[in-house]
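The values are calculated or read from the model by the stated rules, or taken from the named source; none is laboratory data. As the structure is a computational prediction, the values presented were derived from the model and not from experiment. Glycine also receives a Cβ, built like all others from the backbone with ideal geometry; neighbour counts cover every protein chain displayed.
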Amino acid sequence: MKERNPWLYVEDMRQFCLKVQAYTEGKDQAGFIQDGLTYDATLRNLELIGEAARHIPPDIQQSASDIPWRTLIAIRNRIIHGYLGLDNDILWDIITTEIPLLTEQLERLLQDKLTE
């Protein structure tokens, strides 16, 4: 089976970030937590961001060292193994602060790849 191009995982991550932003747009933290469908869909996309990050090879990670690759993977693991508990304050901070920044970083990484 042919291995998938790692740049497709970078694009996947960007798309998952955009979904997180779209799902939570116009919501406050309380509204997000109360809306089970939005909450679950957002968590799923955060998981997928971390899963895709696991497939990014070291050379790409090093070229974008501003992206917290290990943290993204750790967040995925924390969500999947939810028995460890999820802190909704931290989760909301990730959604409102970290995801918009990650989106910009991924877009910049993809743009840099196009201009090589």
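For segment 99-116, the criterion of being assigned to a helix (DSSP H, G or I), touching a residue at least 40 places away in the same chain (Cβ under 8 Å), of a type in the set (D, E, K, R) and more than 24 Å from Y23 (Cα to Cα) is met by at least one residue. Selection of segment 2-32 for residues being in a loop (DSSP other than H, G, I, E, B) and either of a type in the set (F, W, Y) or at negative phi (or both) yields K2, E3, R4, N5, E25, K27, D28. The condition (being surrounded by 12 or more Cβ atoms within 10 Å (Cβ to Cβ), under 14 Å from the mean Cα position of the chain (by Cα) and among the hydroxyl-bearing types (S, T, Y)) is satisfied by just one residue among T38, T71: T71.
When segment 45-62 is filtered for residues that are within 18 Å of T103 (Cα to Cα), more than 10 Å from the chain's Cα centre (by Cα) and either of a type outside the set (S, T, N, Q) or surrounded by 18 or more Cβ atoms within 10 Å (Cβ to Cβ) (or both), the ones remaining, listed by number, are R54, H55, I56, I60. Scanning segment 33-70 for residues that are part of a helix (DSSP H, G or I) and over 16 Å from L109 (Cβ atoms) yields a count of 18. Evaluating L86 against the criteria (1) surrounded by fewer than 18 Cβ atoms within 10 Å (Cβ to Cβ); (2) assigned to a helix (DSSP H, G or I); (3) of a type outside the set (G, A, S) leaves one unmet condition, (2).
Could you check R78 against (1) of a type in the set (D, E, K, R); (2) touching a helix residue (DSSP H, G or I) at 6+ places or on another chain (Cβ under 8 Å); (3) within 19 Å of L110 (Cα to Cα) and say which number it fails? In the conditions (1) of a type in the set (D, E, K, R); (2) touching a helix residue (DSSP H, G or I) at 6+ places or on another chain (Cβ under 8 Å); (3) within 19 Å of L110 (Cα to Cα), R78 misses (3) alone.
Among the residues of segment 11-31, those identified as in contact with a helix residue (DSSP H, G or I) (Cβ under 6 Å, 6 or more places away or on another chain) and either crowded, with 17+ Cβ neighbours inside 10 Å or modelled with pLDDT under 95 (or both) are D12, M13, R14, F16, C17, K19, V20, Y23, T24.
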